Amino acid sequence: MIINQVMKFKSYLLVAAVAATLASCGGKRGGMPNFGDDEYPVVTVGTSASASEATYPAVIKGVQDVEIRPKVAGFITRVNVREGQSVGAGQVLFVIDNATYQAAVRQAQAAVNTARTQMNTAKMAYDNSQKLHEQSIIGDFELSTAKNSYEVARAAVAQAEAALSSARETLSFCYVKSPASGVVGSLPYKVGAMVSSASNPALTTVSNNSSMEVYFSMTEKDLLAMTKSSGTAQAAISALPTVKLQLADGTIYNHPGKVTKMSGVIDAATGSFQVIAAFSNPDRLLKSGGSGVVIIPTDNAAAIVVPQACVSEIQNKKFIYTVGKDNKVKYTEIKVAPQNDGNNYVVVEGLNIGDRYVTNGITKLTDGMEIKPITPARYQQKIQEQAKAMSAGDIVGAMKK
C-alpha cells in the first residue's frame, strides 16, 4: 500500500511539473498545448490599485549652513570650541590677536577727550561773547566768530566719537562669534595660524541641524507632468505625499519629510530642476553634507496594470498584442511608468479600459493574425488536461523543448 501511495505521489508531481513546463513555455513554438493552435488566453483591460515608488539621489544640508570668516586679519590666539559642539547665536568661537586694535581704541578715546575739552573751551568763549554782545562791548562779527568756533569744536567731538565707535567695532571683529545656533563643523586652523577674510577654507562652518533640507533633482518631464496635473508649481508641491529618506547604510530614516520648495529654473546642462524636502532632525542623526535617496510613493487607485510576461520589448519600446472585435491581434506599442514592482507594468499610454490583450503565447503571434480567445482560467485548465493526457514519451519530449 505504501509503495502505491509513493507511486501515486510521484505521478502527481510529474503532472504538476509538466503543467508548469507547458505554461512557462507556452510562448515557444511546439511548447503551446495542443488544444487548438488558434486558442490564446485573452483578458479585458480594467483598472486596479497600483502603488510604486520613485527614487532620487539626494544631498543633505542644514537649514542654515554658515561659513565663519574673520573680518580682520591676524593670528588666532584662542579657539573656544571643538568640532561637533553645539553653539548658540552670539557665542565667541575664535579670538584673533587684538593688541593693535586695542591700541587704536585707546587712541580714539584720547582723541574724543581732547575734542571734548576743546569744545568746552569754545563753549565758554561763546557764552562770554554773548554777555559782552548784550552789553554792546563787542559787535556781531565777534559774536558770530565765537559761535562758529563752538560749532567747529562740537563737530570735532562728533567726528572723534565716530572714530572711537569704528575702532571699537574693529576690535570686536577680533572676537569671532557665531551668527546662528547650530553645530560646529571642522576646525582647519589652530592657535597661532594667520587668518583673514580671504582665508580658504573658512575658519569653520556652523550648521543649524534642528531640521534638515534634502536636495534632489527631478526631470523637466516630471515638472511638466506635475504642473499640468496640479495647475501651478506650488499646487504640485502641496499635492505631493510625504516622502521618505533612505540613508547611506540602506536604512530608512524614521521621520518622514515633506517637499517644500522647488527651483524655478531648469538646468540647461542636465535638463533637471532642484527640489528640496524638509526633514525634522530631533536626534541629530542627519549631518550636513551627507547623502541619501529620497523616496516618493505614488498611489494610483485607477491604474491600468498588465503583467510584464505579456509585453515584448524591441529597441527600448514596449509592445503588447491587443485583440480587436474581429478577434484579430494587433501589435500595439504601449508606454509604461518608469517605476514597477518587477512583475507588472503600469500602462500610461496605448491601452484603454475595455481593450483586450493576449496574456500568453505571444511569440507565436503575428500582427493581424486571427485567434480564438479563451479565458486565462480555461487556458490553465486545458494545460492541466493536456498534461494528464500525455504519455511518458510526450512528457520527456515536452520537458526537453
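Things worth noting here:
- Whichever residue in segment 371-401 is outside any strand (DSSP E or B) and β-branched (Val, Ile, Thr) and, among such residues, is modelled with the highest pLDDT: Ile371
- Residues of segment 272-321 satisfying the condition of being among the acidic types (Asp, Glu), free of Cβ contacts under 8 Å to residues at least 60 places away in the same chain and in a strand (DSSP E or B): Glu313
- Within segment 226-237, the set of residues being of a type outside the set (A, V, I, L, M) and surrounded by 12 or more Cβ atoms within 10 Å (Cβ to Cβ) comprises Thr227, Ser230, Gln234.
- The residue that is nearest to Thr298 (Cα to Cα), among those in segment 338-370 that are in a loop (DSSP other than H, G, I, E, B) and open to solvent by less than 20 Å² (accessible area, probe 1.4 Å), is Leu351.
- Complete set of residues in segment 374-394 that are under 30 Å from Ala51 (Cα atoms), open to solvent by less than 60 Å² (accessible area, probe 1.4 Å) and not hydrophobic (A, V, I, L, M, F, W, C): Pro376, Tyr379
- For segment 205-221, filtered to residues that are over 30 Å from Val81 (Cα atoms) and either open to solvent by less than 50 Å² (accessible area, probe 1.4 Å) or in contact with a helix residue (DSSP H, G or I) (Cβ under 8 Å, 6 or more places away or on another chain) (or both), the residue that is modelled with the highest pLDDT is Phe216.
- Those residues of segment 258-271 which are buried (at least 16 other Cβ atoms within 10 Å of the Cβ) and either assigned to a strand (DSSP E or B) or touching a residue at least 60 places away in the same chain (Cβ under 8 Å) (or both), in sequence order: Val259, Met262
- Residues of segment 322-336 that are acidic (Asp, Glu) and not in a strand (DSSP E or B): Asp326 alone.
- Remark: Ser86 falls outside the filter, which requires a residue to be more than 21 Å from Ser166 (Cα to Cα), free of Cβ contacts under 8 Å to residues at least 24 places away in the same chain and among the small types (Gly, Ala, Ser).
- Candidate set: segment 126-152, residues that are of a type in the set (A, V, I, L, M, F, W, C) and at pLDDT below 95; chosen: the one farthest from Phe75 (Cα to Cα): Ile137
- Under the condition of being in a helix (DSSP H, G or I) and either open to solvent by less than 60 Å² (accessible area, probe 1.4 Å) or of a type in the set (S, T, N, Q) (or both), the residues counted in segment 168-195 number 3.
- Set side by side, the residues Val358, Val346 differ, and just one is within 32 Å of the chain's Cα centre (by Cα) and of a type in the set (A, V, I, L, M, F, W, C), which is Val346.
- Filtered residue count, segment 103-155, keeping only those that are within 30 Å of Arg168 (Cα to Cα), open to solvent by less than 50 Å² (accessible area, probe 1.4 Å) and not aliphatic (A, V, I, L, M): 1
- Among the residues making up segment 156-167, those that are surrounded by 16 or more Cβ atoms within 10 Å (Cβ to Cβ) and under 54 Å from the mean Cα position of the chain (by Cα) are Ala160, Glu161, Ala163, Leu164, Ala167.
- Residue in segment 239-257 that is surrounded by the fewest Cβ atoms within 10 Å (Cβ to Cβ), counting only those that are over 14 Å from Ala58 (Cβ atoms) and touching a Ser or Thr at 6+ places or on another chain (Cβ under 7 Å): Ala239
- Taking first residues from segment 197-219 that are of a type in the set (A, V, I, L, M) and partners that are open to solvent by 40 Å² or more (accessible area, probe 1.4 Å) and assigned to a strand (DSSP E or B), the Cβ contacts under 6 Å between residues at least 6 apart in sequence or on separate chains come to Ala202/Glu67.
The values are calculated or read from the model by the stated rules, or taken from the named source; none is laboratory data. Nothing here was measured: the structure is a model prediction, and the numbers come from that model. Glycine also receives a Cβ, built like all others from the backbone with ideal geometry; neighbour counts cover every protein chain displayed. What goes into the accessible areas is simple: the full protein's heavy atoms, side chains included, and nothing from ligands, DNA or RNA. Shrake-Rupley method; radii C 1.70, N 1.55, O 1.52, S 1.80 Å.
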